[in-house]
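Below: one structure, written as structure tokens.
The values are calculated or read from the model by the stated rules, or taken from the named source; none is laboratory data. What you see is a predicted model, and the numbers here were worked out from it, not measured in a lab. Here the Cβ is made from the backbone with ideal geometry for all residues, glycine too, and neighbour counts use every protein chain on show.
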Amino acid sequence: LEVTLAILKPHLIKNPVSMEIVQKRILNEGFKIVNSKIYRLTQEDAEKFYAEHKSKFFYNRLVTSMISGPSGIYVLAKENAIKHWRELMGPTKVYKAQFDNPHSIRGELGLSDTRNATHGSDSPESARREIEILFPEFNLD
Ligand code: ATP
Ligand code: MG
């Protein structure tokens, strides 16, 4: 069993219908919700979380968008959870998501490359790091 950290980004959870669609999909796809909360990332959380992107042109936009309101934060578990969740999300860039995988979460609900609906960890190391940032009380061992 593997865990991944999923975020339903602020613009998505503002819309209860979108929120419902994504939550249903999480459960239908066989993920177990190990932990979840509605939480507004602080500036500090967002900077830590996206440290690898600090030099990118979209960094400020990304941090500003992530702290603009509460997000839905989930620890999801299943076999191959990381890869499976990233497949469900679809490509990072919204035009690509809409073109290549229109039924992915980003294809259906992404608004822009920044407000692309969801986040998912990209490796077991990232999942661990991200869970430590957003669920500091959660013990992974
Ligand atoms: P995530 O890490 O959110 O699961 P990802 O691994 O597909 O997505 P990354 O390259 O890690 O994508 O980028 C992190 C986030 O930065 C993206 O989810 C998106 O919100 C934002 N981002 C990435 N590339 C761009 C871009 N070209 N323009 C604007 N925002 C971007
Ligand atoms: Mg990433």
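Descriptive notes on the structure:
- Looking only at region 83-125, and only at residues there that are of a type in the set (S, T, N, Q) and free of Cβ contacts under 8 Å to residues at least 24 places away in the same chain, the one that is farthest from ligand 1 (Cβ to nearest atom): 98
- Residue count for region 97-141, restricted to those that are under 22 Å from residue 75 (Cβ atoms), among the aliphatic types (A, V, I, L, M) and outside any loop (DSSP other than H, G, I, E, B): 6
- Residue match in region 1-19 (condition: modelled with pLDDT under 95, closer than 20 Å to residue 126 by Cα, more than 13 Å from the chain's Cα centre (by Cα) and loosely packed, with under 12 Cβ neighbours inside 10 Å): yes
- Some residue of region 79-92 being in contact with a helix residue (DSSP H, G or I) (Cβ under 8 Å, 6 or more places away or on another chain), charged (D, E, K, R) and modelled with pLDDT of 95 or more: no
- Checked across region 24-33, the condition of being of a type in the set (Val, Ile, Thr) and farther than 16 Å from residue 134 by Cα holds for at least one residue.
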